[in-house]
Amino acid sequence: MGWLDILKIVAIAVAGGAAVATTVVIVKKITAARLKAKVAEDFSKAIKLKIKDKSTKTVDVGIFGANNQLIAEKTYKSEEGISDELYVGQVLYVNS
């Protein structure tokens, strides 16, 4: 499979509405409050987020809007680490 074939597959996935995960760096340790504030800042229509995966320095989240519709998937990273208060499967409401 050549580069052109790979680019075509990526273009089709993006055009088809596939959620593309990106990484956002947060300078301080990621806590529930910092994560909710960053999501609210980046996604004005976000209602909630769900922790999909967590490691020592990254946390993957799904961001949801009205009618429980997935808006985006993001990875947040911090060299200072992730708070123990966050766990996989946790749902955080952005404006609470």
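Each value in this text was obtained by applying a stated rule to the coordinates, not by laboratory testing. Everything quoted here is computed from the prediction, not taken from an experiment. No Cβ is skipped: glycine too gets one built from the backbone with ideal geometry, and neighbour counts run over all protein chains shown.
Observations
- Stretchable slack from residue 23 to residue 69, in nm (0.36 nm times residue separation minus alpha-carbon distance): 14.5 nm
- Placing a label point 7 Å from the Cα of residue 41 along the Cα-to-Cβ line, the residues of segment 62-96 whose backbone N sits under 19 Å from it are 62-64, 72-83, 92-96.
- Residue 79 versus residue 34: modelled label distance in nm, points set 7 Å from Cα along the beta carbon direction: 1.3
- For segment 40-87, the share of alpha carbon pairs falling in successive 10 Å distance bins from zero is 27, 49, 23, 1 percent.
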